[in-house]
1. List every residue pair whose Cβ atoms sit under 6 Å apart, with the two residues 6 or more apart in sequence or on different chains, where the first one lies in segment 288-307 and is in the same structural domain as Arg357 (by TED's automatic domain parsing) and the second, anywhere, is in a strand (DSSP E or B) and aliphatic (A, V, I, L, M).
2. Show me the strands (runs of 3 or more DSSP E) found entirely inside segment 238-341 where at least 2 residues are within 26 Å of the chain's Cα centre (by Cα) and on the phi < 0 side of the Ramachandran plot.
3. Return only the number of the condition from (1) assigned to a loop (DSSP other than H, G, I, E, B); (2) within 28 Å of Phe366 (Cα to Cα) that Gly157 does not satisfy.
4. Do you know which residues across segment 31-81 are in a strand (DSSP E or B), hydroxyl-bearing (Ser, Thr, Tyr) and within 25 Å of Gly246 (Cα to Cα)?
5. Could you tell me which of the residues Leu351, Leu359 is aliphatic (A, V, I, L, M), under 23 Å from Thr416 (Cβ atoms) and within 26 Å of the chain's Cα centre (by Cα)?
6. Could you check, for segment 183-196, whether at least one of its residues is under 13 Å from the mean Cα position of the chain (by Cα) and in a helix (DSSP H, G or I)?
7. Considering only residues of segment 403-423 that are at pLDDT below 85 and not aromatic (Phe, Trp, Tyr), which is nearest to the chain's Cα centre (by Cα)?
Amino acid sequence: MGKNRFVPSLLVSLAWLALLPAGAAAQSAFSGTVTDSSGAVLPGVTVEAGSPALIEGSRSAVTDGQGRYTIVQLRPGIYKLTFTLVGFTTVVREGVELPSDFTMTINGQLSVGALQESVTVSGQAPIVDVQSSQKTDVISRALLDALPTPRNTQSFGYLAQGVRLSKPDVGGQQMMEQVNMRVHGASELHTTMQIDGMLFTPAFNDGAIQNYLNQAAFQEIAFTTSSQLAEVSAGGVRVNHIPRDGGNVFSGAMYFGTTEKGWQADNLTPALRAKGLTLPTGVEHIRDYNPAFGGPVIRNKLWFFSSFRYMSVNERVANSYMPDGSPAVVDQYILIPLVRLTGQITPKNKLSVFLDRPLKYKGHEFTYGIEPSRASRRRNPGEANYHNAAVKWTSVVTNRVLLEAGYSEVVERLHTGYQPDVFKTTTGWPRPANIHLYGPLTPGANIDPWFVDIAHWDLLTLQRTVAAVNYSGTLPDRRVPMAALSYVTGTHAFKVG
């Protein structure tokens, strides 16, 4: 029965893909029609798109019998388009800014002229993608750094139309724990995360808990909220991160953001004091330091991009104190080193690889009702493994055929344990056949030693003491190989993978 269902499903999918507009399945593209001065279409015109964003420098296509052309799989950036045909004046369109996940229509008109004649055309680039019905909001790096956002992918979602967050992230207080994105009634389980078009939706909690990313690594983030392509199996928001590749010029950037304890107002009112609140929830500090540097290893052949991110959000918990009477703090930070290499193996073959390795630390993880010095949990980066990694090969076989293959890996091996200063070993005591309690609840000869170290829940004070809630870990690894073959005509594209 499964086999009988598979065949018609495959045929329907391939038929749907064959009807895609040209460039719809590409990351970004130029498309258009070239005519002469009388309006007649011109086949055989060479259209070249050149940009510093392309490691090969430029990419070209030739118009078909209807005068149409499409140049696919382009990086976002500033482009120069050149239209050439023997016997006609060369037309140049400069300063065209191409965003992510966008098919830009640029038409050309050539007039009869000498070979050495060239006409430079200037004008505003179109901002409406007439080749696709997708609703995509592209957020640039400059905008992401300029706005007072937490610089987390999930929290960036509120910049896209129609996207709602599971809870507010005021000033970055949720940087250490993610919020979720929802759109058109679809829950966070339907969110699709991509980096350079490759799947990076994690397996943790069915994809609801995303991995941490070094935000300096991306030049743009595209949020698509409708008319998803066949490669996207879910109906929620698709988030595609467009990575930085480096370049032929050495360059760097530095982001510095901080919020200190003294910058926060105190909302502890007399009414709250009367109800027994002595210490309100608050932020000790919020810090985000994110330097980045990139450039050529071999000009026009091999580029590198590297970055390091440190982010920390230390929080106070309501009415939580250490044994010495000082306010208890959830102390935590994440370190994210990243490196990316992009190589042009041949003029038509490109290879890229990257590794993003978050190291997460929580000294005391607790909420209201948990005694912080002994019962809080601890996360040690040496006992956990978070990382994102990928390798991608792109081959422009011909002006019409594009071949892609790659492998992506998302690992979120979370580990939580006891406080090491309190519990020297995590093996614990063997549980006895029965509980022996003959006297008061104090360590003594008449109390089994295991009872001294397990978690205690006080029904009167509603507080957990002695030990952590649990000693646990997760192994939600996700590994995704991919391959795709695209055939692009002047009017349509066929893609299978």
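1. Taking only residues 6 or more apart or on different chains, the pairs are Asp288/Met311; Pro291/Met254; Ala292/Ala253; Phe304/Val297; Phe304/Leu341; Ser306/Val339; Ser307/Ala292; Ser307/Leu338.
2. Passing ranges, in order: 238-243, 251-260, 282-298, 302-321.
3. Tallying (1) assigned to a loop (DSSP other than H, G, I, E, B); (2) within 28 Å of Phe366 (Cα to Cα), Gly157 fails exactly one: (1).
4. Let us first name the residues in segment 31-81 that are in a strand (DSSP E or B), namely 31-36, 41, 46-50, 58-62, 68-71, 77-81.
Then drop every residue that is not hydroxyl-bearing (Ser, Thr, Tyr), which leaves 31, 33, 35, 46, 58, 60, 69-70, 79.
Hits for segment 31-81 are Ser58, Ser60, Tyr79.
5. Working: Leu351 fails: under 23 Å from Thr416 (Cβ atoms).
Of Leu351, Leu359, the one residue that is aliphatic (A, V, I, L, M), under 23 Å from Thr416 (Cβ atoms) and within 26 Å of the chain's Cα centre (by Cα) is Leu359.
6. Taking segment 183-196 as the starting set, the residues that turn out to be under 13 Å from the mean Cα position of the chain (by Cα) are 191-196.
Retained after the next criterion (residues that are in a helix (DSSP H, G or I)): none.
Taking every residue of segment 183-196 in turn, none turns out to be under 13 Å from the mean Cα position of the chain (by Cα) and in a helix (DSSP H, G or I).
7. First, pick out the residues of segment 403-423 that are at pLDDT below 85: 414-423.
Add one more test, that the residue is not aromatic (Phe, Trp, Tyr), and what stays is 414-417, 419-422.
Working: Leu414: 19, His415: 23, Thr416: 25, Gly417: 28, Gln419: 32, Pro420: 34, Asp421: 37, Val422: 38 Å.
So the residue we want is Leu414.
Conditions tested, residue by residue: (1) touching a strand residue (DSSP E or B) at 6+ places or on another chain (Cβ under 6 Å); (2) assigned by TED's automatic domain parsing to the domain that holds Ala253; (3) within 22 Å of Leu335 (Cα to Cα); (4) not aromatic (Phe, Trp, Tyr).
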| position | (1), (2), (3), (4) |
| --- | --- |
| Gly157 | yes, yes, no, yes |
| Lys167 | no, yes, no, yes |
| Gln219 | yes, yes, yes, yes |
| Ser226 | yes, yes, no, yes |
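The values are calculated or read from the model by the stated rules, or taken from the named source; none is laboratory data. Nothing here was measured: the structure is a model prediction, and the numbers come from that model. All Cβ positions, even for glycine, are placed from backbone atoms using ideal geometry, and neighbour counts span all protein chains on display.
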